[in-house]
Amino acid sequence: MTTPHEELLPATRRALLHRIAVAQAEGRAPSLVAAVVRDGRTVWHGSRTSVEGHGPDENVQYRIGSLTKTFTAVLVLRLRDEGRLDLGDALEKHLPGTGAGEATIAQLLAHSGGLAAESPAPWWERTPGSLRPELVDVLGPDPLRHPVGSRFHYSNPGYTVLGALVERLREAPWEDVLRREVLAPLGLHRTSGSPQAPHAGGWAVHPWADVMMPEPVEDLGLMAPAGQLWSTTGDLARFAVFLARGDERVLSAESVREMRTPAAPSDAADLAAGSAYGLGMQLQHRDGRLLVGHSGSLPGFLAGLSISVEDDVAAVVLANCTSGPQVWGTAADLVGIVAEAEPRIPEPWRPLPAVDPAVLELAGPWYWGTQGFGLRLAAGGDLALEPLTGVGRRARLRANGDGTWTGCDGYYAGELLTVVRRPDGSVSHLDLGSFVFTRTPYDGEAAVPGGVDPDGWRGTDGIR
């Protein structure tokens, strides 16, 4: 039987190598490097390069572009968890005078704050940050492109604002805060704002000829929280483990789960592509699998990090070219190769160590009107509500410690489940966000809204 720390099978390793070889060759990347994580540790590393006899390893830095945004989001969530801010706070409360103060912090994290996609010209990715010394230079005189909260519209200036928010509340430069609060605790010692040897050079590859030209490397200044960082596959593999599991030194598992939850309105194109955005993380349904992570690009570099939390597999792909290889898709393919070739072995079933009889009596079938549901006790004291037909609303409900539960996902997210008991202590019904669930369909002895016909159920002979 496969053990949690067993190495990948030779056939799987070859399939991974083949996939990145195709990506590098067809994408015409000067170099491409990748890593795969399973069960919390790196189990594979590979690279392809145009330099004979040399390949980058897991310690060579590449610029990761917008993957930086996920790091910035972690810093903001830390401030929330400490009580320094609320995600529903308007930006103006903490950082007044930006012209975008109506947007909430959550909306900025989810790119639904209505801000422009880019800063005013010249293009910030190929010009020095010194050209934009103040936030007004980043946001411009008219920073909004859409009504606040109305739609998802990816915004690089939005993350500049979030970086400025971190600096204001921490009273320290963004990169210093990042190093102290995230990089050092997670052991990401090869992640930095400026390149540190060994690092790859960034290249533009001619679209119609196999020739190259070096891309400039600029310090992005105030735009740094949106795309400044350099990192390695080794560091990003460790970061992927954190994004899947959390780390109490940085963010709890619950908070990183919140980052992975859709938080922005999706337009028709997003829905068609099966994609969404959380709090600093991209989400995509691909080949029946939910993948979370982020892509990144700056002139000369491409980056992709993709995680399947359910499969406990993640992949990182980095390349040093402006365009060509689809690194986000390649990372997703690497995840799929491992998850499908070597599916996760489930943990052995084990009975609960103890159970509250008052909770146990809730397990079993319930009916909302005529629709049947099953309520099952889940690990950790949660409840799982599932339609008996497989079609309908389902929910996981977390215990509040006072005999009630709160919905964690889907239609019932945030809704309260209350057990309504009769004077003798027996259970009458369940109230879930005003919906009454009874042990039998339309139980006449329960408080069913609208009441129950006193003549009860009948066949055609009983219809008058």
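Within the range 53-87, the set of residues being modelled with pLDDT under 95 and within 15 Å of ASN156 (Cβ to Cβ) is empty.
So if I check each of GLY55, GLY101, GLY46, GLY97, which one is assigned to a loop (DSSP other than H, G, I, E, B), among the small types (Gly, Ala, Ser) and more than 18 Å from ALA164 (Cα to Cα)?
That would be GLY55, the only listed residue that is assigned to a loop (DSSP other than H, G, I, E, B), among the small types (Gly, Ala, Ser) and more than 18 Å from ALA164 (Cα to Cα).
If you go through the range 262-306 and keep only what is within 16 Å of ARG151 (Cα to Cα) and hydroxyl-bearing (Ser, Thr, Tyr), you end up with SER266, SER275, TYR277. If the condition is being assigned to a loop (DSSP other than H, G, I, E, B) and farther than 15 Å from VAL161 by Cβ, then the range 67-94 contributes GLU82, GLY83, ARG84, ASP86, GLY88. For LEU91, the stated conditions do not hold, so it cannot be described as in the same structural domain as PRO157 (by TED's automatic domain parsing), of a type outside the set (Gly, Ala, Ser) and more than 17 Å from SER155 (Cβ to Cβ). All told, ALA15 falls short of being of a type in the set (Gly, Ala, Ser), closer than 18 Å to SER323 by Cα and outside any strand (DSSP E or B).
Being in a helix (DSSP H, G or I), crowded, with 19+ Cβ neighbours inside 10 Å and modelled with pLDDT of 95 or more is a property that LEU305 lacks. The residue that is nearest to the chain's Cα centre (by Cα), counting only those in the range 385-417 that are surrounded by fewer than 15 Cβ atoms within 10 Å (Cβ to Cβ) and not in a loop (DSSP other than H, G, I, E, B), is GLY410.
Residues in the range 96-137 that are on the phi > 0 side of the Ramachandran plot and surrounded by fewer than 20 Cβ atoms within 10 Å (Cβ to Cβ): GLY97, GLY99.
For the range 119-137, the count of residues that are more than 30 Å from ARG180 (Cβ to Cβ), assigned by TED's automatic domain parsing to the domain that holds GLY227, at pLDDT 90 or above and aliphatic (A, V, I, L, M) is at least one. The helices (runs of 4 or more DSSP H) found entirely in the range 184-276 that carry 3 or more residues being surrounded by fewer than 19 Cβ atoms within 10 Å (Cβ to Cβ) are 253-259, 268-273.
Go over the candidates VAL161, VAL166 one by one and state the one that is more than 24 Å from GLY246 (Cα to Cα), of a type in the set (A, V, I, L, M) and assigned by TED's automatic domain parsing to the domain that holds PHE242. Talk me through it step by step, then tell me what you get.
Working: VAL166 fails: more than 24 Å from GLY246 (Cα to Cα).
Every option except VAL161 fails the conditions.
Take the conditions over 29 Å from VAL51 (Cα atoms) and in contact with a helix residue (DSSP H, G or I) (Cβ under 9 Å, 6 or more places away or on another chain) and apply them to ARG260. Does it pass? Criteria met by ARG260.
One line per residue, one yes/no per condition, for (1) among the β-branched types (Val, Ile, Thr); (2) out of contact with any Leu (no Cβ under 8 Å at 6 or more places or on another chain); (3) without any contact (Cβ under 8 Å) to a residue 60 or more places away in the chain; (4) over 28 Å from ARG350 (Cα atoms):
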site	(1), (2), (3), (4)
LEU362	no, no, no, no
PRO387	no, yes, yes, no
ALA395	no, no, yes, no
ASP402	no, yes, yes, no
TRP405	no, no, yes, no
LEU417	no, no, yes, no
ARG458	no, yes, yes, yes
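The set of residues in the range 290-299 that are buried (at least 18 other Cβ atoms within 10 Å of the Cβ) and in a strand (DSSP E or B) comprises LEU291, VAL292, GLY293, HIS294, SER295, GLY296, SER297, LEU298.
All of (1) of a type outside the set (Asp, Glu); (2) more than 30 Å from the chain's Cα centre (by Cα); (3) surrounded by 14 or more Cβ atoms within 10 Å (Cβ to Cβ) hold for PRO423 with one exception: (3).
The values are calculated or read from the model by the stated rules, or taken from the named source; none is laboratory data. As the structure is a prediction and not an experimental result, all values here were calculated from the model. Glycine also receives a Cβ, built like all others from the backbone with ideal geometry; neighbour counts cover every protein chain displayed.
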